[in-house]
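The values are calculated or read from the model by the stated rules, or taken from the named source; none is laboratory data. Being a predicted model, the structure only gives us computed values, none of them experimental. Backbone-built Cβ (ideal geometry, glycine too); neighbour counts: all protein chains shown. Protein only, heavy atoms only, side chains kept; ligands, DNA and RNA dropped before computing areas. Shrake-Rupley method; radii C 1.70, N 1.55, O 1.52, S 1.80 Å.
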Amino acid sequence: MLDSEIHDLSDDADYAASLQQGSASVMLCNDSTKESSSASELDGAEIVYWKDNVAIHPTQFAISGRLKLIKQGSSLFMTWIPYKGHNADTGLSDKDRNLYTIRAVPFTEIRSIRRHTPALGWQYIIVVLSSGLAHPPLYFYSGGVKEFLATIKQHVLLVRSAEDANVFLVNDFQSTLQRTLSSLELPRAVPLAHGPSNISVDESTLNENEERNDNGVNNGSVSVPQFHRRPRHKAHDPARDLSIQVLEKFSLVTKFARETTSQLFRENQTNGFNTNERRTQIQTNLDPPNSSNVAGKISDENSAVPDSQEFDNLSLVWGKPREPPLDSKEWITFLDSEGRVTDSEAMRKRIFYGGLDHELRNEVWGLLLGYYTYDSTYAEREFLKSVKKSEYENIKNQWLSISPAQAKRFTKFRERKGLIEKDVVRTDRSISFYEGDDNPNVNVLRDILLTYSFYNFDLGYCQGMSDLLSPILFVMDDESEAFWCFVALMERLGPNFNRDQNGMHSQLFALSKLVELLDSSLHNYFKQRDCLNYFFCFRWILIQFKREFEYEKTMILWEVLWTHYPSEHLHLYVCVAVLKRYRNKIMGEEMDFDSLLKFINELSGHIDLDATLRDAEALSICAGEEGAARIPPGTPPSLPVDDGSVYIQHDDEVL
Amino acid sequence: MSYAYLFKYIIIGDTGVGKSCLLLQFTDKRFQPVHDLTIGVEFGARMITIDNKPIKLQIWDTAGQESFRSITRSYYRGAAGALLVYDITRRETFNHLASWLEDARQHANANMTIMLIGNKCDLAHRRAVSTEEGEQFAKEHGLIFMEASAKTAQNVEEAFIKTAGTIYKKIQDGVFDVSNESYGIKVGYGGIPGPSGGRDGPSAAGGSCCS
């Protein structure tokens with residue numbers, strides 16, 4: 001009874017909400033109800049497939065288990081239960097075992113299954129949930145992937161993806177010809193057979209492996225129920241299904257956080273405590289943080305995210321696979337006959353996952369940047385373009401009309417002009433668009449920056465702006481249009497260039513908070529090494545990774561960031577993703593501030609954009625609202641807040 | 001590649017004075033007028049030989065714009081040498097030296113060796129700061145001074161090596177406790193300190209390493 005509370009979710013806000021919503025039919029299961037519920041639910045649960053020796057490889061050690069498909073009523077569930085005791089020599093505990101166990105995932109919540117059948121090595125599958133989260137790869141040591149898929153196909157609609165023959169979409173009702181309908185966001189997880197979408201599979205079926213592998217390793221915990229009791233309900237209600245999906249998504253993550261917390265305890269305490277001790281420690285952890293205890297740093301407020309260490313070991317979560325860039329043919333489907341974007345969210349989502357074909361950028365960047373509104377028509381955009389062109393000319397004339405004599409008495413102007421002139425000749429000159437002596441585009445770059453410094457005289461010009469403008473001018477290939485797109489971008493990124501650097505500091509601060517949330521051990525490492533100022537990420541943030549990727553990749557990254565699709569601050573999650581990717585190296589080599597800065601600098605040109613974006617998406621999903629809450633209001637690229645109290649100083653600030 | 005010592009250098013000075021070009025001339029022996037402006041910091045490294053000992057110079061080339069000063073300041077930590085650069089054709093870059101020096105004094109260790117470089121001396125016809133003024137400023141502030149040209153490579157090699165020589169001498173004189181990396185010096189694998197001193201530990205003779 002007590003132990004089951006370790007996994008219960010009664011303190012989870014979403015869980016509580018879902019309980020309220022479905023209170024009539026949702027019942028928490030505890031030990032006292034176990035037998036009766038088991039007995040009543042035994043009927044109707046049928047194992048339609050089972051496969052032994054299916055393993056995951058979360059660390060250098062594999063964990064073997066049994067994969068099953070269970071049919072109950074008209075619903076199909078998948079379970080994977082690791083063998084008990086088999087993993088004793090791998091240093092994996094019951095907690096690990098619990099952590100990785102897949103308990104009756106209904107197929108209504110599976111988006112796709114990806115099959116890998118390498119010529120050498122084991123076949124494996126990756127199960128991706130509707131939430132975008134994925135289970136770790138399941139390796140079929142004794143084959144059987146084909147049979148597994150065939151069995152699923154008998155019970156659930158399984159369609160091979162048109163884009164990748166190894167991806168099978170579950171319950172994907174849209175034929176490939178109707179793909180454009182995807183912009184309507186049809187729910188992917190429509191319960192196919194109207195069965196209860198949540199877990200109501202017999203516990204005894206789940207516990208089978210445990211009983212089978214009773215070899216004495218369990219030292220007393222054997223009698224303690226290992227399983228996370230889930231609410232059960234019978235009636236079908238789509239609204240509740242939705243809340244259950246949310247619940248499931250959160251419970252997945254919450255469970256990780258808790259398990260991780262106890263894992264941290266395990267690392268910091270002597271080995272071999274039993275279940276009861278673990279419970280005590282977890283309770284301790286809910287007490288106010290104890291500064292001498294690493295695990296105490298992950299206080300209960302952090303319970304919505306996995307620890308990074310765990311996260312890394314598991315390779316647990318992936319974002320949705322990246323897609324090819326949006327092309328003009330598909331782009332048209334997002335517009336009505338007059339050119340309005342009919343569903344801007346669907347459009348942003350599509351661009352988020354694949355970026356844009358280059359020839360579309362000219363048309364779409366202005367929309368993404370907010371220069372043109374989504375509900376504007378072709379004609380309205382043309383009209384705005386001409387109005388804005390003359391407005392631009394007016395501002396430009398302000399400095400064009402300054403005579404040499406006047407300039408002599410106008411130091412600020414001379415300085416700005418001089419600085420800009422020095423910088424435009426040092427901006428992307430290896431790109432053919434700007435290359436060569438007397439390249440007119442370099443002059444346009446100068447004119448726009450100088451005009452901008454009059455448009456926003458207070459901000460003026462600061463190094464880094466030319467890096468941001470360069471791709472915009474290259475894409476827009478029109479002085480006025482490039483200027484206004486740049487203005488729109490600077491609405492959001494302008495604070496990066498404030499003289500007091502407050503925009504940069506608030507982002508670096510937010511980044512440190514996100515790393516603290518998503519990778520507490522890396523955070524602690526940076527803290528120990530006096531690296532919490534995150535200055536080593538300065539260039540990444542100041543110019544949005546412009547110097548880290550080649551030109552084309554930078555443009556993809558920017559349009560992805562500009563969608564603000566999963567988060568307005570995805571760029572910070574991109575930072576976290578890259579840091580996490582190299583965390584073991586950073587900590588393993590005990591990098592100090594200097595070597596870290598050098599290492600990060602030298603990553604330029606070596607970062608895998610697609611993989612990083614997938615990680616960043618997954619991290620932003622994991623962090624969820626907890627992550628958003630750690631980013632101070634008004635942190636760029638959010639539009640500034642009015643009260644002016646944007647920047648929150650933190651203790652570790654070096655300055 | 002093994003070295004006896006590794007020295008951390010930092011190049012500072014106003015934007016556009018030629019910091020990156022000096023570094024490139026020193027590390028790659030070439031002048032590249034068209035290169036991207038520095039955001040944050042860039043790194044360069046080269047081996048030199050002093051007193052028959054291989055010494056690795058790790059050079060931090062910083063962004064010069066005023067707005068970035070708060071970030072640049074964090075780079076001073078643990079630098080053994082600094083090249084403070086101005087442009088002899090732009091008076092204002094000379095006028096700003098005092099504020100750069102103040103930053104350096106405040107954020108670097110007190111024994112950091114500072115070399116003042118008047119760059120672009122190939123552009124003598126556009127000179128706005130005389131050699132004497134440079135010398136005078138250096139003398140007043142206890143800096144080493146040279147005029148150099150990243151374009152023609154004049155004095156570039158000399159500037160970096162002379163700075164290293166001064167640092168090396170400070171080690172020999174026991175000014176630095178080389179086991180303390182905050183001085184910007186690392187002892188390499190081949191770095192058995194010579195018989196003349198500079199050995200590890202606080203007992204180094206003539207130590208005046210309070211900072």
Query raised in the report: Of all residues in region B:58-76, which are at pLDDT below 95 and under 13 Å from the mean Cα position of the chain (by Cα)?
Result: B:Tyr75, B:Tyr76
Query - Among (1) over 29 Å from A:Arg361 (Cα atoms); (2) of a type outside the set (Phe, Trp, Tyr); (3) buried (at least 24 other Cβ atoms within 10 Å of the Cβ); (4) at the interface with another protein chain (Cβ under 10 Å from one of its Cβ atoms), the one test that A:Leu542 misses - result: (1)
Query raised in the report: Any residue at all in region B:93-106 that is open to solvent by 10 Å² or more (accessible area, probe 1.4 Å) and facing chain A (nearest Cβ under 10 Å)?
Result: no
Query raised in the report: Here are some residues: A:Asp530, A:Asp500. Which one is surrounded by fewer than 20 Cβ atoms within 10 Å (Cβ to Cβ), within 14 Å of another protein chain (Cβ to nearest Cβ) and farther than 25 Å from A:Asp458 by Cβ?
Result: A:Asp530
Query raised in the report: Filtering region A:116-156 down to residues that are of a type in the set (A, V, I, L, M, F, W, C), open to solvent by less than 20 Å² (accessible area, probe 1.4 Å) and in a loop (DSSP other than H, G, I, E, B), which residue is farthest from A:His57 (Cα to Cα)?
Result: A:Val156
Query - Flag for A:Leu508 being among the aliphatic types (A, V, I, L, M) and within 14 Å of another protein chain (Cβ to nearest Cβ) - result: yes
Query - Residue within region A:548-560 that is closer than 30 Å to A:Lys389 by Cβ, within 14 Å of another protein chain (Cβ to nearest Cβ) and at pLDDT 95 or above present - result: yes
Query raised in the report: Failed condition for B:Phe43, given (1) of a type in the set (A, V, I, L, M, F, W, C); (2) open to solvent by 20 Å² or more (accessible area, probe 1.4 Å); (3) in contact with a helix residue (DSSP H, G or I) (Cβ under 8 Å, 6 or more places away or on another chain); (4) away from chain A (no Cβ under 12 Å), with all others met?
Result: (4)
Report task. Could you look through region B:1-20, keep only residues that are open to solvent by less than 40 Å² (accessible area, probe 1.4 Å) and free of Cβ contacts under 8 Å to residues at least 60 places away in the same chain, and pick out the one that is farthest from the other protein chains (Cβ to nearest Cβ)? Result -> B:Ser20
Query raised in the report: Does A:Leu400 count as open to solvent by 60 Å² or more (accessible area, probe 1.4 Å) and farther than 24 Å from A:Gly366 by Cα?
Result: yes
Requested in this report: Just give me the residues in region B:110-142 being open to solvent by 20 Å² or more (accessible area, probe 1.4 Å) and either among the basic types (Lys, Arg) or within 22 Å of B:Lys8 (Cβ to Cβ) (or both), in sequence order.
Outcome: B:Ala110, B:Asn111, B:Lys120, B:Arg126, B:Arg127, B:Lys139, B:His141, B:Gly142
Query raised in the report: With (1) open to solvent by 10 Å² or more (accessible area, probe 1.4 Å); (2) within 11 Å of another protein chain (Cβ to nearest Cβ); (3) in contact with a Lys or Arg (Cβ under 8 Å, 6 or more places away or on another chain) as the list, and B:Ser70 as the residue in question, which single condition is left unmet?
Result: (3)
Query - Residues (buried (at least 22 other Cβ atoms within 10 Å of the Cβ) and hydrophobic (A, V, I, L, M, F, W, C)) located in region A:463-475 - result: A:Met465, A:Leu469, A:Ile472, A:Leu473, A:Val475
Requested in this report: Return the residue satisfying two criteria in turn: it lies in region A:627-636 and is farther than 16 Å from A:Leu561 by Cα and open to solvent by 50 Å² or more (accessible area, probe 1.4 Å), and of such residues it is nearest to the other protein chains (Cβ to nearest Cβ).
Outcome: A:Pro633
Report summary line: Cβ pairs under 6 Å, 6+ apart or interchain, first in region A:532-543 and under 14 Å from A:His505 (Cβ atoms), second open to solvent by 10 Å² or more (accessible area, probe 1.4 Å), ordered by first then second residue, are A:Leu532/A:Asp652; A:Asn533/A:Val654; A:Phe535/B:Ser74
Query raised in the report: Residue check, A:His606 against (1) open to solvent by less than 10 Å² (accessible area, probe 1.4 Å); (2) within 24 Å of B:Trp60 (Cβ to Cβ), all met but one. Which one?
Result: (1)
**Report entry** Residues of region B:50-64 classified as open to solvent by less than 20 Å² (accessible area, probe 1.4 Å) and at the interface with chain A (Cβ under 10 Å from one of its Cβ atoms), total
**Finding:** 3
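Out of all the residues in region A:401-426, which are in a loop (DSSP other than H, G, I, E, B) and within 11 Å of chain B (Cβ to nearest Cβ)?
Of everything in region A:401-426, those that are in a loop (DSSP other than H, G, I, E, B) and within 11 Å of chain B (Cβ to nearest Cβ) turn out to be A:Val425, A:Arg426.
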Query - Some residue of region B:160-172 being touching a residue at least 12 places away in the same chain (Cβ under 8 Å) and assigned to a loop (DSSP other than H, G, I, E, B) - result: no
Report summary line: Note on region A:88-99: residues surrounded by 23 or more Cβ atoms within 10 Å (Cβ to Cβ) and either within 14 Å of A:Val54 (Cβ to Cβ) or modelled with pLDDT of 70 or more (or both) are A:Leu99
Query raised in the report: Got at least one residue in region A:482-495 being among the small types (Gly, Ala, Ser), touching an Asp or Glu at 6+ places or on another chain (Cβ under 9 Å), in a helix (DSSP H, G or I) and away from every other protein chain (no Cβ under 14 Å)?
Result: no
Requested in this report: Tell me which residues, restricted to region A:589-619, are away from chain B (no Cβ under 14 Å), more than 11 Å from the chain's Cα centre (by Cα) and in contact (Cβ under 8 Å) with a residue 40 or more places away in the chain.
Outcome: A:Ile607, A:Leu609, A:Asp610
Report summary line: Selection from region A:547-560 of residues closer than 24 Å to A:Glu363 by Cβ and either open to solvent by 10 Å² or more (accessible area, probe 1.4 Å) or of a type in the set (Phe, Trp, Tyr) (or both) yields A:Phe549, A:Glu550, A:Tyr551, A:Glu552, A:Lys553, A:Ile556, A:Trp558
Report summary line: Filtering region A:427-466 down to residues that are outside any helix (DSSP H, G or I) and either of a type in the set (Gly, Ala, Ser) or touching a residue at least 24 places away in the same chain (Cβ under 8 Å) (or both) yields A:Thr427, A:Asp428, A:Ser430, A:Ile431, A:Gly436, A:Asn456, A:Leu459, A:Gly460, A:Tyr461, A:Cys462, A:Gln463, A:Gly464
Query raised in the report: Could you list, in sequence order, the residues of region B:21-30 that are over 15 Å from B:Ile10 (Cβ atoms) and within 14 Å of chain A (Cβ to nearest Cβ)?
Result: B:Cys21, B:Leu24
